[in-house]
Amino acid sequence: METGFTLSNTIAAILTIGIISFLWKDNPLYKLCESLFVGVSAGYWFVSLYYQNLLPKLFDTLGLTQLFTSADIEPGAIQILINEGRVDNSFLYLIAGILGALMLTRLIPNLGWISRWPLAFIVGTTSGLYFTTYFQSNAMAQLRSTILPLDSIGNVVIVIGTVCGLVYFYFSKEHKGVMGGAARVGVWFLMITFGASFGYTVMSRMSLLIGRFDFIFSTWLGLTG
Amino acid sequence: MRREIPMILTGFVGFVYIIQFFVPHAPFDIMEGLLTDWMLIIFAFAIWLGALNLLKVSLDKIYRKGKDWQYSIVTVFGFLLIAIPGFFFSGGRRFQDPGTAFDYIYQNVYTPLSATMFAMLAFFVASASYRAFRARTKEATMLLLAAFVVMLGRVPVGDMITQWLPEGYRLSQVADWIMNYPNMAGQRAIMIGIGLGIVSTSLRLILGIERSHLGGEE
């Protein structure tokens with residue numbers, strides 16, 4: 001990265017200071033940077049998803065791109081129909097395109113209900129996909145990894161902590177007696193987990209903050225090494 | 001019609017995914033590939049919907065001169081600032097290559113804004129934790145201690161102040177032990193809980209018991 005008062009560094013530094021200025025108080029510069037961030041984020045995903053997703057998966061597959069450009073792309077459904085006279089399976093992607101376009105009807109108040117169809121499709125695919133993958137990766141794989149020989153303190157801690165944590169999440173029986181004791185131990189483990197996760201998150205944010213300060217003082221102002 | 005068709009659609013695609021997991025042969029494997037591509041396409045349209053809705057809301061606010069409407073101009077400007085170069089001046093599919101106009105905006109506007117915004121969370125989390133972490137109960141004390149050890153164990157000063165302790169008991173090593181054992185146990189309990197919760201919720205959605213995503217009869 002270039003150092004010093006270049007145009008790009010100055011833009012980045014002003015925006016960084018603008019966001020940090022919120023620590024002083026909510027001010028116009030922060031609001032300006034915040035609004036800019038919202039707009040640029042939306043624009044970033046708008047462009048990225050077009051080129052990474054819609055263009056190759058929808059427009060190229062259907063052959064729409066090939067109709068309007070001379071890019072070196074494999075023939076799509078329309079080209080196959082014109083050149084070979086057969087209806088290719090790629091035409092099925094038209095359904096996805098229509099469902100996607102129906103999603104945009106949410107912007108039209110009277111037709112908004114139509115967007116439930118593509119939404120239902122997304123909910124259905126996500127449910128079906130997660131049903132198996134989460135059962136495998138979260139439930140079964142974690143259970144398998146917890147069945148450990150109790151030959152070290154670490155393994156004992158993992159087995160007891162996991163079992164007691166699960167007991168705490170089991171609400172079909174009142175937490176009294178042995179269940180109550182186990183649930184209480186479970187809470188202790190969960191608290192340690194939340195504390196550790198908190199510490200880890202704070203440190204990662206701190207490293208981001210150090211990165212920004214390093215940019216301002218070292219890259220932009222050139223004050224340090 | 002407004003609720004029945006979406007419900008049938010949800011159940012059908014959900015079942016296809018589940019069946020293809022157990023029967024990974026034609027036609028289910030082909031359908032799974034097709035449905036995955038469709039899902040990605042519709043996902044992209046869903047994100048587009050969000051972006052277009054943001055534009056709609058912002059332009060509406062500017063038109064009505066609502067509260068702080070000037071900032072909506074900045075939002076629309078930000079959107080166009082990256083979208084126009086991205087679509088027209090960045091070499092099409094190679095829009096993310098170093099040196100393109102899109103990459104310039106990404107590196108010098110988007111990255112500093114997003115990194116600083118997330119970095120600011122350190123302050124917000126610290127101020128929130130000051131209120132939440134007061135060691136009033138045994139559980140809160142455990143949370144506080146775990147956070148303290150992990151934070152201090154992740155920086156050089158942690159080991160510096162515990163240099164006098166024998167190997168294996170210094171702060172970085174204690175932090176590692178907390179992350180690898182008690183933290184792991186808690187994470188596993190949570191992950192198993194989440195896994196079972198997702199399985200039951202998915203089943204409710206596919207069977208049409210859970211219908212909240214379909215909205216009301218408007």
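Of note:
- Projected over all directions and averaged, the alpha-carbon convex hull of the protein assembly as shown occupies 29.9 nm².
- Spatially close lysines, pair count over the protein assembly as shown: Cα under 26 Å, gap of eight or more or interchain: 11
- Along chain A, longest interval not containing exposed trypsin sites (Lys or Arg not before Pro), exposed being DSSP loop plus at most 11 other Cβ atoms within 10 Å: A:87-172
- Cα-projected label distance for B:GLN107 with B:PHE89, points at 7 Å along beta-carbon direction, nm: 1.6 nm
- Nearest-ten-degree value, helix B:182-206 long axis tilted from longest Cα axis of chain B: 20 degrees
- Sparsely packed chymotrypsin sites (Phe, Trp or Tyr not before Pro) within segment A:1-63, loop by DSSP, other Cβ within 10 Å at most 12: A:PHE5, A:TRP24
- Sites listed here are chymotrypsin sites (Phe, Trp or Tyr not before Pro) in segment A:118-221 whose DSSP assignment is loop and whose Cβ has at most 16 other Cβ atoms within 10 Å: A:TYR170, A:PHE171.
- Long-range amide H partners of B:GLU210 with built H, under 5 Å: B:LEU205
- Acute angle (nearest 10 degrees) that the helix B:171-180 long axis makes with the longest principal axis of chain B, alpha-carbon atoms: 40 degrees
- Contact order, relative form, for chain A: 18 percent (alpha carbon pairs under 8 Å, 6 or more residues apart, mean separation divided by residue count).
- Inter-label distance for A:THR10 and B:ARG64, nm, one decimal - labels placed 7 Å from Cα along Cα-to-Cβ: 3.9 nm
- Estimated from the Cβ-Cβ distance and a Förster radius of 56 angstrom, the FRET efficiency linking B:GLN163 and B:ASP29 is about 0.45.
- Filtered chymotrypsin sites (Phe, Trp or Tyr not before Pro), segment B:18-90: DSSP coil and at most 14 other beta carbons within 10 Å: B:PHE89
- Treating r as the C-beta distance of A:LYS173 and A:ILE210 and R0 as 60 Å, the FRET efficiency rounds to 0.80.
- If R0 equals 30 Å, the separation of the Cβ atoms of B:ARG3 and B:LEU203 corresponds to a calculated FRET efficiency of about 0.95.
- Relative to one another, the C-alpha centroids of segment A:110-130 and segment A:1-35 are positioned 40 Å apart.
- Using Cβ point charges alone (K and R +1, D and E -1), the dipole size of the protein assembly as shown about the Cα centre works out to roughly 1580 debye.
- Solution diffusion estimate, µm²/s, Stokes-Einstein, chain A, Kirkwood Rh from C-alpha pairs, 25 °C, viscosity 0.890 mPa s: 100 µm²/s
- Cα pair count fraction exceeding 26 Å, expressed as % - chain B: 68 percent
- Between segment B:110-184 and segment A:184-225, the alpha-carbon center distance in angstrom: 9 Å
- Highest-fluctuation residue, A:LEU119, A:LEU54, A:LEU107 considered, GNM on chain A with Cα pairs under 10 Å: A:LEU107
- Helical mean residue ellipticity (222 nm; -39500 (n - 2.57) per DSSP H run of 4+; nearest 500) of the protein assembly as shown: -22500 deg cm²/dmol
- Rounded to 10°, Cα long-axis angle of helix B:69-88 versus longest principal axis of chain B: 70 degrees
Read the figures in this text as sums done on the coordinates, not as results from a lab. None of the values given here were measured: they were computed from a predicted structure. Cβ coordinates were reconstructed from backbone atoms using ideal geometry, including for glycine residues, and neighbour counts include every protein chain displayed.
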